[in-house]
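Please read through the structure below; I'll follow up with questions.
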Protein chains: 2
Amino acid sequence: MLEFELLATDGRARRGRLTLKHGIVETPMFMPVGTYGTVKGVLPRSLEEMGAQIILGNTFHLWLRPGLEVLRQFGGLHRFERWTRPILTDSGGFQVWSLGEMRRISEEGVRFASPVDGDKLFLTPEISMQIQTVLDSDIVMQFDECTPYHTKGHVTTEAEACSSMQLSLRWAARCKVEFDRLANPNALFGIVQGGMYELLREASIAALVDMDLPGYAVGGVSVGEPKEDMLRIVAHTPHRLPEDKPRYLMGVGTPEDLVEGVAQGVDLFDCVLPTRNARNAHLFTRFGDIKLRNARYRNDALPIDETCRCYTCSNGFSRAYLQHLERCSEMLAPMLASIHNLHYYLNLMREIREALECGRFAGWRTQFESDRVRGV
Amino acid sequence: MLEFELLATDGRARRGRLTLKHGIVETPMFMPVGTYGTVKGVLPRSLEEMGAQIILGNTFHLWLRPGLEVLRQFGGLHRFERWTRPILTDSGGFQVWSLGEMRRISEEGVRFASPVDGDKLFLTPEISMQIQTVLDSDIVMQFDECTPYHTKGHVTTEAEACSSMQLSLRWAARCKVEFDRLANPNALFGIVQGGMYELLREASIAALVDMDLPGYAVGGVSVGEPKEDMLRIVAHTPHRLPEDKPRYLMGVGTPEDLVEGVAQGVDLFDCVLPTRNARNAHLFTRFGDIKLRNARYRNDALPIDETCRCYTCSNGFSRAYLQHLERCSEMLAPMLASIHNLHYYLNLMREIREALECGRFAGWRTQFESDRVRGV
């Protein structure tokens, strides 16, 4: 169950509408990350109010806790976490990859020790599909190997990246077979790999497009590479994907990265940055970022951003108050900061969608960039 | 600025209405504790929605952080923490008392080292009044010495309790002089001390009533004494206070303690129990308490309490989900639990007020007590 409608284009940038089992997603859209079945520190009602149309869940984490037995009993992740709008789940590939020395990758899948209790676990393309079918997420990601920027102390070579990309392709094929066998009614997305090598990215796209999946993601960026490499791959890859299918840039990034991603034809984004930075007192605003711990905010009676309409800013919680909460390790600090940062990201995408609708994305972007360096 | 209207009585129990500068408080009322200018883990909007009419702030903590300079600039605690309804602030007496070995009490006041940065500080009745005047709280508490249940390893003797109570009385007189000198437009409450000795409690009441303060609190309970001593003092003290003034039982307690307090003529309560227990996965319900970590809740799809109308219960967040959040140390666990527990306490007081209005408090109490032991 997935429909994608292209409403407008502006250069490579696209304004689209994605219809999923649990609702509609206007694109370009940012997806808040809800690893363990909760976007950290934010009530679901706050997410709804700030216009979140789709959130993420992490297959790997939810498999470990609460586990499949509980999730199956609840009929999936939606009813467990009380979120009625669409959910995308990653495949667990990125998380097992992040375990580093703790995991062993073979053709069959990945063996690793549970970081929760040390249990020996085995994750394969088939098991990832089985878990995501229990989760009943609207968008299911293929199980892939995330090609790292560094391999054994050197920059991953083209041969290494190629072999890794081809493993992801074979896993994609196995995912599709298992997804169909399970009669999963949702949408399976393939993931383009290929490291920092344009030709490998093109080869990955060609093979994935042959599988005729309902959507595609660009993976293996934001994995430790220099910014210019990330931008080179983002400039090269998304617009080569089928025009009539949604494109998702995984794990990216800063507000500026999102704007560049849209310019390169990306429809969907996710990143932990707004929530993680909120927990570290780092706030995003139209006029640049605020490090709340800075002594200059000690007496500052202004809200984070006077032009912002989030709960935190529109109710007048001041920078001084937020700094005070942060100094006292009060939970309300990350709560109010997470609401603001997520609202900032979602509002950024709303502005982008409006600009795309009237074909004035380039002009909007010029203003965005000059505002962002203006200073708070 | 304080008016108190007695709307109904039922035995010693009273249904009243307190009018303060920032609004009306229907009594009996429970006051959530907001030590550092935030009720831990709860958005102000959630407090408003659950019917909190007055919250607490802690003079001692707010004096240390953010400090008077910031609070003065904001024109008081209300504008700093963005709470428009009434606020009661304690005097700091209980907190310096809690420092134990770290403080030295003299006639003049209390010397102690700041638990935040080790600075040597001196708190006196006058300074407490000056701080609370800057805070602009609707109800200002006198600076007192909280008589402990144990002194130097033995149960505090009557002579020790008497001397401590008399110090609190002298401090009350100094508070009143300073409060008037500062032309503080709010209401100063006296605090009855006297330890576990009925005659001392009566002497304390007599002296405080002579000062003609607008309200009185019962302090020095819930300080480590056996439950039967606490109940004995609560049965002896509140109803001896002037009928036409509000009575506040400080730092008490469990739902059952609150019901008993009301029966003995108390109008106002505060306690950290609902929020602190929420952070320890201990939930209060009509049918008894829930320790959420218990394995029996692992698959439990029921809300905390099906009869509860709080955000957490009415949105169907299940015991299984809350246990999962708790196991994963997700902030949403204490957030949802704090909303539920505070709603439970505030709703308990709402039920009590309704029972008092129709003179059926005794019948309501019988049902309350049988419900509470029924089991979840």
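Can you list residues whose amide H is under 5 Å from B:GLY316's amide H, if they're 5+ apart or on another chain and H is modeled 1.01 Å from N?
So B:GLY316 has HN proximity to no qualifying residue.
Could you pull out the GluC sites (Glu not before Pro) across region B:81-118 that fall in loop regions by DSSP (anything but H, G, I, E, B) with no more than 16 other Cβ atoms inside 10 Å?
Details: sites: B:GLU81, B:GLU101, B:GLU107, B:GLU108; in loops: B:GLU107, B:GLU108.
Passing both the DSSP loop test and the Cβ count: B:GLU107, B:GLU108.
A further question follows. What does the charge count near B:VAL272 come to, summing +1 for each Lys or Arg and -1 for each Asp or Glu among other residues with Cβ under 11 Å from its Cβ? Kindly include the intermediate steps, with their values, before the conclusion.
Values: positive: B:LYS40, B:ARG276, B:ARG279; negative: B:ASP270.
Neighbourhood net charge equals +2.
How far is A:VAL272 from the same spot in each other copy, in nm, shortest first, if each label point sits 7 Å from Cα toward Cβ?
3.1
Relative to the longest principal axis of the C-alpha atoms of chain B, give the angle of the C-alpha long axis of helix B:332-357, reported between 0 and 90° and rounded to the nearest 10°.
80
Oh, and also: Give me the lysines in straight-line cross-link reach of B:LYS40: C-alpha distance below 18 Å, same-chain residues under 8 apart excluded.
A:LYS40
While we're on this one: Can you list the copy-to-copy distances for A:LEU68, using a point 7 angstrom from Cα toward Cβ, in nanometres, shortest first?
Its label point is 6.5 nm from the equivalent points in the other copies.
Considering amide H positions built from the backbone, and no H for Pro or chain starts, which residues 5 or more places from A:ARG14, or on another chain, come under 5 Å of its amide H?
The list, which skips near neighbours in sequence, is A:GLY265.
Using a label position 7 Å from Cα in the Cα→Cβ direction, what is the ascending list of nm distances from A:ARG170 to the same site in the other copies?
Spacings between copies for this position, smallest first, are 8.8 nm.
Find the all-direction average of the projected area of the Cα convex hull for region A:57-137, expressing the result in square nanometres with one decimal place. Mind showing how you got there, number by number?
On the way: hull surface 20.3 nm².
Quarter of the Cα hull surface area: 5.1 nm².
Between B:ASP180 and B:THR157, what length in nm is gained on full extension when 0.36 nm per residue of separation is reduced by their alpha carbon distance? If you can, show how the numbers build up before the last one.
Working: separation 23, 0.36 × 23 = 8.28 nm, distance 3.46 nm.
Roughly 4.8 nm would be gained on extension.
Within chain A, what percent of beta bridges assigned by DSSP are antiparallel, to the nearest 5?
Details: 25 of 47 bridges.
Antiparallel: roughly 55 percent of the beta bridges in chain A.
Related question: For chain B, with a Gaussian network of springs between Cα atoms less than 10 Å apart, report the residue from B:SER114, B:SER222, B:SER329 with the top mean-square fluctuation.
Comparing B:SER114, B:SER222, B:SER329 in a Gaussian network model of chain B, the most mobile one is B:SER329.
Right, next: Report the local net charge at B:LEU231: Lys and Arg +1, Asp and Glu -1, summed over other residues whose C-beta lies under 11 Å from its C-beta.
Details: positive: B:LYS227, B:ARG232; negative: B:GLU225, B:GLU228, B:ASP229, B:GLU256, B:ASP257, B:GLU260.
Neighbourhood net charge equals -4.
Right, something else. For a Förster distance of 35 Å, can you work out the FRET efficiency between the beta-carbons of B:LYS21 and B:ASP117, rounded to the nearest 0.05?
Values: r = 33 Å, r/R0 = 0.95.
That pair, B:LYS21 with B:ASP117, gives E of 0.55.
Step through the residues of region B:315-320 one at a time and calculate ³J(HN,Hα) from phi using the Karplus curve (6.51 cos²θ - 1.76 cosθ + 1.60, θ = phi - 60°), rounding each to whole Hz and writing x for Gly and Pro.
Residue by residue, region B:315-320 yields 9, x, 4, 8, 4, 4 Hz.
Next question. Based only on other Cβ atoms within 10 Å, what is the fewest-to-most ordering of A:LYS21, A:LYS40, A:LYS120, A:LYS227?
On the way: A:LYS21 16, A:LYS40 21, A:LYS120 8, A:LYS227 12.
The fewest-first ordering by Cβ neighbours comes to A:LYS120, A:LYS227, A:LYS21, A:LYS40.
What is the P(r) of region B:272-376, as percent of Cα-Cα pairs per 10 Å bin from 0?
15, 47, 27, 9, 1
Let me ask another. Please work out how much length the chain gains when fully extended from A:GLU357 to A:ARG170, using 0.36 nm per residue of separation minus the C-alpha to C-alpha distance, in nm with one decimal. Write down the numbers at each step before the final one.
Numbers: separation 187, 0.36 × 187 = 67.32 nm, distance 3.88 nm.
Here the answer is 63.4 nm.
Another one. Pop the C-beta distance of A:ILE105 and B:SER329 into the FRET formula with R0 = 35 Å and round what comes out to the nearest 0.05.
0.75
Something else about it: Which ³J(HN,Hα) values, rounded to whole Hz and listed in residue order, are derived for region B:33-39 from phi using the Karplus coefficients 6.51, -1.76 and 1.60 in 6.51 cos²θ - 1.76 cosθ + 1.60 with θ = phi - 60°, glycine and proline given as x?
8, x, 2, 9, x, 7, 6
Another question about this same structure. Would you mind calculating the relative contact order of region A:272-376 from Cα pairs under 8 angstrom and at least 6 residues apart, reporting the percent as a whole number?
Numbers: 137 pairs, mean separation 36.3, N = 105.
Computed over region A:272-376, the figure is 35 percent.
To the nearest 0.05, what FRET efficiency results for A:GLN367 and A:GLU48 with a Förster distance of 22 Å applied to their C-beta separation?
Working: r = 29 Å, r/R0 = 1.31.
The calculated FRET efficiency here is 0.15.
Pick out which of B:ALA301, B:ALA161, B:ALA52 has the largest mean-square fluctuation in a Gaussian network model of chain B, springs linking Cα atoms closer than 10 Å.
Most flexible of the set in this elastic network: B:ALA301.
Counting only helical runs of four or more DSSP H residues, what would the 222 nm mean residue ellipticity of chain B come to if each run contributes -39,500 (n - 2.57) and the total is spread over all its residues? Working shown, then result.
Working: 15 runs with 154 residues, N = 376.
It lands at -12000 deg cm²/dmol.
Using alpha-carbon pairs under 8 Å, 6+ residues apart, how would you state the relative contact order of chain A in percent? Don't skip to the end; give the middle numbers.
Details: 726 pairs, mean separation 64.2, N = 376.
Rounded, it is 17 percent for chain A.
Report, by chain and number, residues whose modeled amide H sits under 5 Å from the one on B:MET31, excluding near sequence neighbours (fewer than 5 apart, same chain).
B:PHE269, B:ASP270, B:CYS271
While we're on this one: Per residue Cα convex hull volume for region A:134-211, in cubic angstrom?
Working: hull volume 7.3 nm³, N = 78.
Spelled out: Cα convex hull of region A:134-211, divided by residues, is 93 Å³.
Bin width 20 Å, origin at 0, all Cα-Cα pairs of the protein assembly as shown: what percent of pairs per bin?
16, 41, 28, 14, 1
Please list, in order along region B:120-125, the HN-Hα scalar couplings obtained from phi with the Karplus expression 6.51 cos²θ - 1.76 cosθ + 1.60 (θ = phi - 60°), rounded to whole Hz, x for Gly and Pro.
With coefficients 6.51, -1.76 and 1.60, one gets 7, 10, 9, 10, 10, x Hz.
I've got another one for you. Could you tell me what a quarter of the Cα convex hull surface of region B:191-252 works out to, in nm² with one decimal place? Could you put the intermediate results ahead of the total?
On the way: hull surface 14.7 nm².
Spelled out: convex hull of the Cα atoms, projected over all directions, averaged, 3.7 nm².
If you don't mind, another one. Cα axis of helix A:227-236 to longest principal axis of chain A: angle in degrees, 0 to 90, nearest 10?
The two axes meet at around 60 degrees.
May I pose another question? Using DSSP to call loops (not H, G, I, E or B), can you name the trypsin sites (Lys or Arg not before Pro) in region A:313-374 whose Cβ has at most 15 other Cβ atoms within 10 angstrom? Please list the in-between numbers first.
Working: sites: A:ARG319, A:ARG327, A:ARG350, A:ARG353, A:ARG360, A:ARG365, A:ARG372, A:ARG374; in loops: A:ARG360, A:ARG374.
Of the trypsin sites (Lys or Arg not before Pro), the ones in loops of region A:313-374 whose Cβ has at most 15 other Cβ atoms within 10 Å are A:ARG360, A:ARG374.
Two-decimal Rg/Rh of chain B from alpha-carbon positions, Kirkwood Rh? It would help to have the intermediate numbers written out before the result.
Working: Rg = 20.4 Å, Rh = 21.2 Å.
My calculation of the ratio gives 0.96.
Now a separate question. If I model a spin label at A:ARG12 and B:LYS291 as a point 7 Å from the Cα along the Cα→Cβ vector, what separation in nanometres do I get?
Taking the two extended label points, one gets 5.9 nm.
A further question on this structure: For B:LEU302 and B:ARG72 in the same chain, what is the full-extension length gain: residue separation times 0.36 nm, less their Cα-Cα distance, in nm?
78.1 nm
By the scheme Lys and Arg +1, Asp and Glu -1, what is the net charge of all other residues having a beta-carbon under 12 Å from that of A:ASP10? Please report the intermediate quantities before stating the final value.
Values: positive: A:ARG12, A:ARG14, A:ARG15, A:ARG353, A:ARG360, A:ARG365; negative: A:GLU354, A:GLU357.
Every neighbour counted, the sum reads +4.
Now for a separate question. For chain B, set up a Gaussian network in which alpha carbons nearer than 10 Å are linked by springs, and say which option among B:LEU356, B:LEU68, B:LEU135 fluctuates the most.
B:LEU68
Let me ask something else about it. What residues from region A:84-116 fall in the zone where the backbone N is under 17 Å from a label point 7 Å along the Cα-to-C-beta line of B:ASN315?
The answer is A:84-87, whose backbone nitrogens lie closer than 17 Å to the label point.
Read-outs: derived from the displayed coordinates by stated rules, not from any lab. As the structure is a computational prediction, the values presented were derived from the model and not from experiment. Cβ sites come from the backbone with ideal geometry, for glycine too, and all protein chains shown count toward neighbours.
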